[in-house]
1. Out of residues 5 or more away from B:Phe505 or on other chains, whose amide H comes under 5 Å of its own, with H placed 1.01 Å from N in the peptide plane?
2. Excluding ligands, DNA and RNA, what is the accessible area buried between chains B and A, summed over both sides, using a 1.4 Å probe, to the nearest 100 Å²?
3. Just to confirm a number: summing +1 for Lys and Arg and -1 for Asp and Glu over residues other than B:Thr376 whose beta-carbon lies under 14 angstrom from that of B:Thr376, what do you get?
4. Quick one: putting +1 on the C-beta of Lys and Arg, -1 on the C-beta of Asp and Glu, what dipole do you get for region B:189-345 around its Cα centre, in Debye to the nearest 20?
5. Seen from all sides and averaged, what is the projected area of the convex hull of the Cα atoms in the protein assembly as shown, in nm²?
6. Can you give me the C-alpha center-to-center distance between region A:11-79 and region B:406-457, rounded to a whole angstrom?
7. Could you work out, residue by residue across B:217-224, how many beta carbons of other chains sit within 10 Å of that residue's beta carbon, and then give the average as an integer?
8. At 7 Å along the Cα-to-beta-carbon direction for both B:Ile528 and B:Glu154, put a label point, then send me their distance in nm to one decimal.
Amino acid sequence: MTRVILRRLFSLPFVILSITIITFLVGYLAPGDPILSMMGSRRDPVTYERLRHLYGLDLPWYEQYVDYASGLLQGDLGLSYRYQGRPVWDLIGNGVFVSVQLGLAALILSLAIGIPVGLWSAIRQNSLWDRAGMTTMLTLYAVPSFVLIPILRWINYQFYIHGLPSLPQAGWGRPEHWVMPVFVLSAASMGYIARLTRVSMLEVLKQDYLRTARAKGLRNRRIRWNHAFRNALIPVVTVVSPSIAFLVTGTFVVETLFSIPGIGYLSVQSIAQRDYPVIQSTTVLLAVAVLLMNLVTDLLYMLLDPRIRVEA
Amino acid sequence: MTSSKSRMLLAVFLLLLFTFILTLQPISAQAEGVNLRWSIEGITDLPSLDPAKASDSQGFTVIGLLYGGLVRLDGDLNVIPDLAESWMVSDDGLVYTFTLREASLFSDGSAITADDVVWSLTHALDPNTGGWTGPFYLSNIVGANDVAAGSATELAGAVAVDARTVELTISQPSAYFLSQLTFGSAKVVSKAQAEADPTGWENAPVTSGPFQVQAWNHGQNIVLVPNANYWQAPTIATLTMPFIQDSETAYQLYITGELDIMGSQQNGIPAVHVPDAEMMPDFRSTPLFAVRYVGFNNTIPPFDNVNIRRAFALAIDKATLANDVLGGTVVPSDRILPLGIPGSELPIDGLSFDPDAAKAALAEAGVTPETIGQVTLTYGVEGDNERVVTVLQAMWQENLGVAVTLEPLELTTFSARLNETYQTPETGIQSYYSVWGADYPDPQNFISQQLRTSVGNNNGHYSNAEFDALVDEADVLTGDVARRMQLYNDAEQIAVNEVGWLPLFNPRLNILVRPEVQGIVFNGQGLIIPDYSALTISAGA
């Protein structure tokens, strides 16, 4: 297990290097630059060229890249173009914090609701509870966040105008600001996890070893929790990692629509503004997050089923 | 499952939960007193609080609240004294002598001197500052281009005669120079603070205007409190300006009582909510000092031919576009100057919708829909643009029989293409759908700065010698306002006849302001606070 961790961690810098090169080239090849984006419709060719020079945008791409990469090696993410010389870390540091909070909360919520609902549905297969639960979960999975948000807002607004307790429609800083975004962000993975847990639990419950357990006279509760549940969780753990990636991309929409100062918000904007240092840094951060999550997933596999051996 | 393994699994879950709880921050206390909440939409944060570095309307809105200039605009868009109590203009119209208010102080209590004014103007032009608005708006000051080019460090045309007297010398007489000085790049910052902390001052600036910064919560909001040293200090307790990327979100916050003003930045109330909003006493609406238009590349076929440009202009039914397609959220226009801007009171004989005349113009140009070749309209993907260009395409198809190809581009890519078209028109785009909004309320900002031969914004390289002569005379004419406006009007008529631009409509800005908010004027230039001390929320209303 230690070897797996070490090998993965060793490969991390190389993965990051490739990611920075690819992101850099894509950014460099995209039409336009931060100066044009900043100047908008006011065109002043002389000032434009002067500013390109000042920001080093007139250098060949490899020189710009080497400048950036050598900064990165020293832990310096560079300076933002758009936010006039503010260090990138200063810009995204707080945002990362907020996005991680939001993502974790959504992950916890989707696991805390998705798994029990799935298990219960499996145990009570084809009951009214099973049908209602799975319909709800399928709906949550299928409805995209940009549809779910207006629906929730409309409901919330009805509460507000009728003087009932309501939530803020957007914003950040107070506990009640969390409710809607976390729910929206967790909705899809909650639905997916619930359905997957149900299917996988049903599959496990049909297995021979459980029939044997039953034949031995073990109590149902013990069979379910001690013998079935753990094996049923393996496929669920498998999807947790992709669903983290899903949460990360989901934050783009959710953070923008709920006006939350995370990095999803910032990364989308920096693409439109060609703020290369910010684009680079957010991409690298997200990539590292996904890589680490994959590693955690692999380790969890081994924990759940000792037969599984993960190749580094 | 063995109990040790299940405990480990539980531990992983608890670890996740614990990490999450650790990251929670304590809740900050809410401010007491009258707190005005005014949303700044379309951004997630302000680029900078240095007036020389601000680059978008949102930034300049905040800059305008923080810093004073020599002059500013009143509610009727007249230039009025701000930090300067008065000024004199020399007979040749070249030398402006400003006298600063007596005992004028920055927010930290230090004196605002002529030195600060000169330093601020120079700073806005200095290439190392990295801004671009200074070189654009202050270029008329003698020596401005040398400072901007880095060949001089002192601005020759700006002299601090004594502590309270600033003398600005300009290169050519100009009726709009004072208007240009109302723009953000001419605001006054504290030289002492900026020199003491060249990189950090802008995060917590000493201010010269009605407000100062209490807190700038990056990515969330900026909280302003009155600057008691300003000559017209506000009386409200705080002004909180949350940054809200999405107009829909701002609208939702407004209707649930979390904002007092929304929509004054960027796109206003989202179009789908306008019918609901119109019923509210909070609703305010005005045509903006902006025009949406189709620009043509005048250097390559087919639009190097004036008759083809006329045919395309005559084939557009702007009333249908404005009323049926855009639901009356815009005002159709046949002219370059927006409704309400000085100079627009003089009439223009526009090219109104006439399909027969359009076909005749195309015939006169000697082309048919078959021989005209490929015609492409390029546009940036944003807001209603898609809808508008689709309708234009349909109208050209129906009324001229010409099939126009639409080329959608992401906004910055669109800017890049326009820039290339300006630099190398022969390989540039054929036509484009764009917008221009006033930086200051003067016809020069539209007529001369957009369509005079080879000026930086004339992307389509429209050129007419008579037009140039008229605007050149008008630009330097001072004193005789009526004649100056007439010159612009004559020039505008030429540009309309020759379709330098094909103007389509003036967008309306629809915003929401609580009826209790007093002291705000709303016009084509946006929200203006004519008297900061009168800005308040009246409890009785």
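The values are calculated or read from the model by the stated rules, or taken from the named source; none is laboratory data. Just so it is clear, the structure is predicted and the values come from calculations on it, not from any experiment. Cβ: placed from backbone, ideal geometry, glycine included. Neighbour counts: every protein chain shown. The protein model used for the area step is the full one, side chains on, heavy atoms only, and it has no ligands, DNA or RNA in it. Shrake-Rupley method; radii C 1.70, N 1.55, O 1.52, S 1.80 Å.
1. B:Arg292, B:Ser333
2. Details: alone 22960 and 17810 Å², together 35180 Å².
Buried area between the two chains comes out at roughly 5600 Å².
3. On the way: positive: B:Arg417; negative: B:Glu407.
Result for the local shell: 0.
4. Working: 7 positive and 15 negative charges, 109 e Å.
Here the size comes out at about 520 debye.
5. Numbers: hull surface 165.6 nm².
So the Cα hull casts an average projection of 41.4 nm².
6. Result: 25 Å between the Cα centres.
7. On the way: counts 4, 9, 14, 8, 5, 0, 0, 0.
Per residue, the number of nearby Cβ atoms from other chains is 5 on average.
8. 3.7
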